[in-house]
Amino acid sequence: MTKIHPFLIGKERKKSLNTIPVINPFTEKPFAEVCIASPVDIEVAIDLACKAFNKTRKLPSYQRSQICTEVARSINDRSEEFARTISLESGKPLIYARNEVARSVSTFEIASQEALRLDGEMLTLDITESSRGKAGLTRRFPIGPIAGISPFNFPLNLVAHKVAPALACGNPIIIKPASSTPLTALLLNEVVLSTGAIEGSLSVLPCSNINATPLIEDPRLKMITFTGSPKVGWNMKQRAGKKKVVLELGGNAGVIIEPDADIHLAAQKIAFGAFVYSGQVCISVQRVYIHSSKFDKFLDKLIQETKSYKAGDPLDETVNFGPMIDRKNAERIESWVDQAVKNGAKIITGGHRDGTYYPPTILTEVDSKLPVACNEAFGPILIVNSYTNFNYALKEVNNTD
């Protein structure tokens, strides 16, 4: 029997008949179920956030700072519980999950400090004779309830990046966590409930994309903050009306290595940047342009670094390379690599999928117009190219979709 987790609206834990399984990417088996919110539940959460705003907007800065400090302390106290939850539901190796927890503690600590500095600015206006002796004052005010939609790859820290600033500013926030990694966000909600935060300051609602429509379109919510794919993000912006919109979208990072670079150091840094958490990072290195005079030396060092990654159970302390989030995404990467090979690319290392596991893969001679080169892979793929002219390399780095 898998444990069924209720979702949270304010301080109320709510169960529903509809649930979604939480699947361990390593075993591909469910280990928990999470109740999902209905349209009625979302309406209740929005209404509660609006009511909470009448109180949070009046909180003095020292209280908002204290709340963030308490959250940081509680995360730190439960750090191993958070890390293991992250590993179980996202497949992130435990060593990196612990790093994510530590970063989340810092995120709330920084928010605690910033809560004390949201004071505005004094402006001198005596730039003309008529304004002599006059000054202006700016003040900052909380904007209102916020909706936050977070991805699977950093199920704690990217939620923290939305929740911590909201609490610091006095804005209630409703979080829709990624469907594959809801448990970490629910655990964070429990932590916030244990502080002096006003009820309704945070609600975490796992729900379908269709049911989440009010989080994007309801005018009572004054801002939406989204981290995810460009296609989904720009669509949200079109539907958001007069809301403030903050989008953190995907990337396709390119690196140029000049001939005077430290090749060993470059290989170390690039292998880590490309393959950490199976490349499922929005700033993951996807393309490298190495000067032709250093190409062979760099490739040899890169292969050595790549082969040093140890695959296995993310909960194993010695493992630093785990599965992708699910089989569907591993199969997508497999199809992109197969397409590249059919069009003349060469696999230097890796390239053979096993369930949800796709190994660190280095490709050369890749057609720059193929998806594996010009789209965000969000997987453990690294394309290595040589160049002789820096301006050509710079042009290629910027030639993505």
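The values are calculated or read from the model by the stated rules, or taken from the named source; none is laboratory data. All values derive from a computational prediction rather than experimental measurement. Methodologically, a virtual Cβ is constructed for each residue, glycine included, from the backbone with ideal geometry; neighbour enumeration extends over all protein chains shown. Note: areas computed on protein heavy atoms with side chains; ligands, DNA, RNA excluded. Shrake-Rupley method; radii C 1.70, N 1.55, O 1.52, S 1.80 Å.
Among V101, V22, V246, the largest mean-square fluctuation in a Gaussian network model of the chain, built with springs joining Cα atoms closer than 10 Å, belongs to V246. Evaluated at q = 0.19, 0.25, 0.27, 0.31 Å⁻¹, a Debye calculation over the C-alpha positions of the stretch 11-62 (equal weights, vacuum) places log10 I(q)/I(0) at -0.76, -0.95, -1.02, -1.13.
Each Cα pair of the stretch 119-272 feeds into the Kirkwood radius, which the Stokes-Einstein equation turns, at 20 °C and 1.002 mPa s, into a diffusion coefficient of 116 µm²/s. Hydrodynamic estimate: the Kirkwood radius of the stretch 193-288 over Cα pairs, inserted into Stokes-Einstein at 25 °C and 0.890 mPa s, corresponds to D of 146 µm²/s. In the stretch 256-334, the alpha-carbon atoms span a convex hull of 106 Å³ per residue. Remark on I173: its backbone amide H falls under 5 Å from those of I146, L202, S203, a criterion applied only to residues 5 or more positions apart or on other chains, H modelled at 1.01 Å from N. Cα centroids of the stretch 327-401 and the stretch 123-161: 41 Å apart. The listed peptides 168-174, 258-264, 348-354, ordered by packing as a protection proxy, come out as 168-174, 348-354, 258-264 (highest mean of other Cβ atoms within 10 Å first). The calculated Kirkwood hydrodynamic radius for the stretch 1-157 is 19.2 Å, given to one decimal from all distinct C-alpha pairs.
Annotation for the stretch 53-93: trypsin sites (Lys or Arg not before Pro) lying in DSSP loop with at most 11 further Cβ atoms inside 10 Å of their Cβ are K58. Ranked from largest to smallest solvent-accessible area, with a 1.4 Å probe on the protein heavy atoms, D126, D338, D218 come out as D126, D338, D218. Each distinct pair of alpha carbons in the stretch 75-158 adds a 1/r term; the inverse of their mean, the Kirkwood radius, is 16.4 Å. A cut-off of 5 Å between modelled amide H atoms, ignoring neighbours fewer than 5 places along the same chain, links S386 with I290. With r defined as the distance between the Cβ atoms of K3 and E28 and R0 fixed at 22 Å, what FRET efficiency is calculated, to the nearest 0.05? So, using R0 = 22 Å, E works out to roughly 0.75. Computed over protein heavy atoms with a 1.4 Å probe, the accessible surface of the stretch 266-401 works out to 45 Å² per residue. Across the accessible surface of the chain, with the other protein chains kept in place and a 1.4 Å probe, carbon and sulfur atoms take up 52 percent.
Cross-link partners for K307 among the lysines, with Cα-Cα distance under 24 Å and sequence neighbours closer than 8 places in the same chain left out: K92, K269, K294, K297, K346. Applying the Kirkwood pairwise sum to the alpha-carbon positions of the stretch 253-401 produces a hydrodynamic radius of 15.3 angstrom. Please list log₁₀ I(q)/I(0) at q = 0.10, 0.15 Å⁻¹ for the chain, using the Debye equation with identical point scatterers on the alpha-carbon positions. With one equal scatterer per Cα and no solvent, log10 I(q)/I(0) is -0.74, -1.28. Only alpha carbons enter this Debye calculation for the stretch 242-288, each as an equal point scatterer, and the log10 of I(q)/I(0) it gives at q = 0.19, 0.21, 0.24, 0.29 Å⁻¹ is -0.65, -0.73, -0.87, -1.07.
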